[in-house]
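Have a look at the structure below, then the notes.
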Amino acid sequence: MVEPDGSVWTLAGNGTNDLVNGQLLSASFVQPTGIAVDPDGTIYVTDGNAIRKIGGVLPIVTTLNNAGRGIRDGSLAISRFNRPAELPLIIKAI
């Protein structure tokens, strides 16, 4: 994260290049590119072929879709993306 004064700090990720869910600093990311924040403060990140969610009472990183490469419509469990770069925020219960 980048603060208004220019200082930088890590919100989530352990520095390894992998797709691992878990607690904020135990999780890892492949190639995060896009970010959106919903009104409740939940953060959504495009990461490689995945859409990741950062939030919860005890904040964790969760992969929302099937992280395999491809293009497939459907439920979150089977949907696939091909390296999404941006993430428009459409408010709908997930």
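The values are calculated or read from the model by the stated rules, or taken from the named source; none is laboratory data. Please read these numbers as outputs of a predicted model, since none were measured by experiment. Virtual Cβ from ideal backbone geometry, glycine too; neighbours counted across all protein chains shown.
Within the range 34-61, the set of residues being of a type outside the set (A, V, I, L, M) and surrounded by 14 or more Cβ atoms within 10 Å (Cβ to Cβ) comprises Gly34, Asp38, Thr42, Tyr44, Thr46, Asp47, Gly48, Asn49, Arg52, Lys53, Gly55, Pro59.
Would you check if there is a residue in the range 25-38 being among the small types (Gly, Ala, Ser) and more than 22 Å from Trp9 (Cβ to Cβ)?
Looking through the range 25-38, none of the residues is among the small types (Gly, Ala, Ser) and more than 22 Å from Trp9 (Cβ to Cβ).
Counting the residues of the range 63-78 that are in a strand (DSSP E or B) and surrounded by fewer than 14 Cβ atoms within 10 Å (Cβ to Cβ) gives 2. Take the conditions in contact (Cβ under 8 Å) with a residue 40 or more places away in the chain and of a type outside the set (A, V, I, L, M) and apply them to Pro32. Does it pass? It is false that Pro32 is in contact (Cβ under 8 Å) with a residue 40 or more places away in the chain and of a type outside the set (A, V, I, L, M). Residues in the range 38-60 that are at pLDDT 90 or above and β-branched (Val, Ile, Thr): Thr42, Ile43, Val45, Thr46, Ile51, Ile54, Ile60.
Answer with yes or no whether Arg83 is assigned to a loop (DSSP other than H, G, I, E, B) and of a type in the set (Lys, Arg).
Against the criterion (assigned to a loop (DSSP other than H, G, I, E, B) and of a type in the set (Lys, Arg)), Arg83 qualifies.
Tell me which residues, restricted to the range 18-47, are assigned to a loop (DSSP other than H, G, I, E, B), among the acidic types (Asp, Glu) and under 18 Å from Phe81 (Cα atoms).
The answer is Asp18, and nothing else.
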